[in-house]
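Colleague: I'd like to ask some things about the structure below.
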Amino acid sequence: MSFRTVLALVCASALPASIAAAESPSADVSAARMAERIEALSGFGTNPEGGVSRVAFSEADIAGREYIKTLMRDAGLEVRVDTAGNLIGHREGSEPGLPAIMFGSHIDSVPGGGNYDGDVGVIGAIEVTEVLRDNGVVTRHSLEVVSFTDEEGGLVGSVAMTTGLDDSHLDDMSHSGLTVREGIRAVGGDPDRLAEARREPGELAAFIELHIEQGAILDEGDIDIGVVEGIVGIHWWDVVIEGFANHAGTTPMNRRRDAMLSAAELALEINRIATSMPGRQVATVGRIRAEPGAPNVIPGRVVMSLEIRDLSAGKITQVFEAVEAAAARIAEERDTQIRFEPTGVASVPAPTDKRMRRIIAAAADGLDLSYQVMPSGAGHDAQDMTHIAPTGMIFVPSKDGISHSPKEFTSPEDMANGARVLLETVLAIDEGALD
Ligand SMILES: [Zn+2]
């Protein structure tokens, strides 16, 4: 059932037929209103390049959150801040026993960020509740619009809400100059009672995040909507390459055990492996350090990073094993030693709920919007929410695939399309599409 149909039913049941028939065109998602609010939000933490530096817990973040609170209240939502500092706007449903449907994103940015990452999802979520209100629609489930705390600093708010925030993380220094603990307090949370922010599996009917793609697939393909299959897993290693440091002037070329050359070959090989396998896996060497690091010394030791991302943990392993095999060959050829030290799993792959993908795709279809099913190469609060609720993500195009940059841009019409899909998705779930 589309929103129009729901609206028709609501009107038909609540009003005499003649009035319902005489209704002017029903309220719709407003691209102009969304664009105005994105613009207003960009005033908090404006940077000289035209984007924002609204890092979590900064004065700009706190002011931006106040703006969001005002929008939420004006939309008729009951606003609260949970103990993790997550901003939540509640709209009561008609059947109080039902679990709430939650949707939203975040408004904090990276330093030197843009005006759309996260913001579109929060502004879009508020827009949905306003369209419902303007059309006099009360959903069966309560609705909760969320703006998560400190997404860019490690998904702080959504981790606290789902799997729980590790105590040690509270002492991390955030970009604002406050520790995470101090920051949570500064935005109205209570780091000593974080457990109260936890939501148990089953407590929410669903979670949906509208977000900009931050890549170029939709923009290049002229596609309206991305139906996110899941958020990729991210694994990190330190690659330690041991050679022999020696005099760069007196050691002939044929007597060198140059760790840098092994590293260079391996970096090229990593790129070749990730490129040659079918699929969307990515592998990156993002950091490299040669020791002792002098122009006149053959590098005896090199430490470089390796990052592999994919939607499937098996694929990550497959890429890594191919890299290991290449490293063994290179080590042998260059008389060096190469070992891989895992430095952590930044995140495990988080597939979205299959039913949610179908619902989002059907919503796009019903609105005559083109869509593509795709992975998210970037991390999102939605990945944490998969632990406790059927989760779906809706992507809208990022112009030229640019993100985490002041040049980030999504057109008002694309934002509105995303909000319309979000609205239809919420209504479909409310009508039992997940049952
Ligand atoms: Zn984001």
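Colleague: Among the residues of the range 347-397 satisfying the criterion of being within 15 Å of the ligand (Cβ to nearest atom) and among the aliphatic types (A, V, I, L, M), which is most open to solvent (accessible area, probe 1.4 Å)?
Modeller: Ala378
Colleague: For the range 250-267, what are the residues that are open to solvent by less than 20 Å² (accessible area, probe 1.4 Å) and in a loop (DSSP other than H, G, I, E, B)?
Modeller: Thr251
Colleague: Of all residues in the range 106-122 being touching a strand residue (DSSP E or B) at 6+ places or on another chain (Cβ under 9 Å) and hydrophobic (A, V, I, L, M, F, W, C), which is surrounded by the most Cβ atoms within 10 Å (Cβ to Cβ)?
Modeller: Val122
Colleague: Where in the range 17-114 are there helices (runs of 4 or more DSSP H), lying fully within it, with 2 or more residues that are at pLDDT 95 or above and within 22 Å of the chain's Cα centre (by Cα)?
Modeller: Counting at least 2 such residues, we get 31-41, 59-74.
Colleague: Checking Leu98 against (1) within 16 Å of the ligand (Cβ to nearest atom); (2) hydrophobic (A, V, I, L, M, F, W, C); (3) surrounded by fewer than 24 Cβ atoms within 10 Å (Cβ to Cβ); (4) over 25 Å from Ile225 (Cα atoms), which test does it fail?
Modeller: Just one mismatch for Leu98, condition (1).
Colleague: Right, something else. Are any residues in the range 204-214 over 17 Å from Met415 (Cβ atoms) and either of a type in the set (Val, Ile, Thr) or within 16 Å of the ligand (Cβ to nearest atom) (or both), and if so, which ones?
Modeller: Selection gives Phe207 alone.
Colleague: Exactly one of (1) more than 16 Å from the ligand (Cβ to nearest atom); (2) touching a residue at least 60 places away in the same chain (Cβ under 8 Å); (3) within 28 Å of Pro48 (Cα to Cα); (4) not hydrophobic (A, V, I, L, M, F, W, C) is unmet by Asp61. Its number?
Modeller: (1)
Colleague: Now, a different point. Quick check on Val120: is it within 13 Å of the ligand (Cβ to nearest atom), in a helix (DSSP H, G or I) and not hydroxyl-bearing (Ser, Thr, Tyr)?
Modeller: yes
Colleague: Show me the strands (runs of 3 or more DSSP E) entirely contained within the range 152-249 in which 2 or more residues are farther than 29 Å from Gly112 by Cβ and small (Gly, Ala, Ser).
Modeller: Per the criteria, 204-212.
The values are calculated or read from the model by the stated rules, or taken from the named source; none is laboratory data. The model shown is predicted, which means the values in this text are computed figures rather than measured ones. Virtual Cβ from ideal backbone geometry, glycine too; neighbours counted across all protein chains shown. Note: accessible area is taken over every heavy atom of the protein model, side chains too, but ligands, DNA and RNA are not part of it. Shrake-Rupley method; radii C 1.70, N 1.55, O 1.52, S 1.80 Å.
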